[in-house]
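The values are calculated or read from the model by the stated rules, or taken from the named source; none is laboratory data. As the structure is a computational prediction, the values presented were derived from the model and not from experiment. Quick reminder, even Gly has a Cβ in these numbers, built from the backbone with ideal geometry, and neighbours come from all protein chains shown.
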Amino acid sequence: MGVKDTVVPPNTDCHHFILEDDSANLEKPYGSIFLSIPTVLDSSLAPEGHHILHIFTTSCIENWKGLSLKDYEEKKELVANKIISRLENKLFPGLKSSIVLKESSIVLKEVGTPKTHRRFLAQDNGTYGPIPHSIPKVLLGMPFNTTAIDGLYCVGDSCFPGQGVIAVAFSGIMCAHRVTADIVVQFHLQLSENSSISLVQLERQF
Ligand SMILES: Cc1cc2nc3c(=O)[nH]c(=O)nc-3n(C[C@H](O)[C@H](O)[C@H](O)COP(=O)(O)OP(=O)(O)OC[C@H]3O[C@@H](n4cnc5c(N)ncnc54)[C@H](O)[C@@H]3O)c2cc1C
C-alpha cells in the first residue's frame, strides 16, 4: 500500500511481525501479519510525504480457487480490509478509520493472492516465502542446478534452497560453482584425450 506519512509515527522500524494471540495461530491462514516499510530506510522509493507498506500473511491457493471473478474480488477486499484493521489496532491508529472519514491515509492499495503469484511469477501453487516446516521434504525434492540437458543450468527460487533473496543468492553461488566444476572436468578430459594439443589451444576452446 501507499500511505500518507502522517499515519506512520517518526522512528517507526522497517520490519514488523504481528501475532495478536498465541503461537497456535502462527501458521494458520491469516494467523500472523508481516509488514515491511522500505521507505523508512530509503524515502526516495515513494513520492514525498508517503510511505510504502508491504504487508503479507499466510494463505493457501485452495482458499482462492473456484470463486467467480466477483466473489474473488470481494474476498480480496474483505481479507485486505481485515488485515488493515488489525494493523490499525496494533500499529497505526487512523489507518483505516480515516477512509471512513473520507480522508484516506491510503493512497494506493494493491491486493495479491497466491493466484496472483502463480499468474505473474509462475510460482508453483502461488507459493511465496518460507516453506512450512510440516513439509520439509519439499525442500530436498527441489531441483538443484543441473538439468537433463547437458550445458543447461537452472538457478533461482524454483531451485534448492527455495524462495527469498538469501536463498536465491545461495542458489546462484552454487550454480556458479557447478558450472566452473563442469568446465574444469571437461578441460581435464580433453587434456587427457588430446595429449598432443597445447594447453593454450585447449584454453581457447573454453
Ligand atoms: C511480493 C513479494 C515480496 C517478497 N519479499 C521478500 C522479502 O522481503 N525477503 C526475501 O528474502 N524475499 C522476498 N520475496 C521473495 C524473493 O523476492 C524471490 O524469492 C526472489 O526475488 C526470486 O529471485 P529469482 O532470481 O529466482 O526470480 P526473480 O527475482 O523473479 O527474477 C526473475 C527475472 O527473470 C525475468 N524473466 C522472466 N521471464 C523471462 C523471460 N522469458 N525472458 C527474460 N527474462 C525473464 C523477470 O522479469 C525477472 O526479472 C518476495 C517475493 C514477492 C513476490
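At-a-glance table
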read-out: Residue satisfying all of: in the stretch 6-55; more than 22 Å from Val111 (Cβ to Cβ), among the acidic types (Asp, Glu) and more than 22 Å from the chain's Cα centre (by Cα); modelled with the highest pLDDT among these; value: Glu48
read-out: Hits in the stretch 145-198 (condition: assigned to a loop (DSSP other than H, G, I, E, B), of a type in the set (A, V, I, L, M) and loosely packed, with under 10 Cβ neighbours inside 10 Å); value: Ala148, Ile149, Leu152
read-out: Residue check, Thr113 of a type in the set (S, T, N, Q) and at pLDDT 95 or above; value: yes
read-out: Tally, over the stretch 147-182, of residues that are of a type in the set (Val, Ile, Thr) and either in contact (Cβ under 8 Å) with a residue 60 or more places away in the chain or in contact with a strand residue (DSSP E or B) (Cβ under 8 Å, 6 or more places away or on another chain) (or both); value: 2
read-out: Those residues of the stretch 43-68 which are within 30 Å of Pro10 (Cα to Cα) and more than 14 Å from the ligand (Cβ to nearest atom), in sequence order; value: Ser43, Ser44, Ala46, Pro47, Glu48, Gly49, His50, His51
read-out: Condition check for Glu77: more than 16 Å from the ligand (Cβ to nearest atom), in a helix (DSSP H, G or I), free of Cβ contacts under 8 Å to residues at least 60 places away in the same chain and farther than 22 Å from Thr127 by Cα; value: no
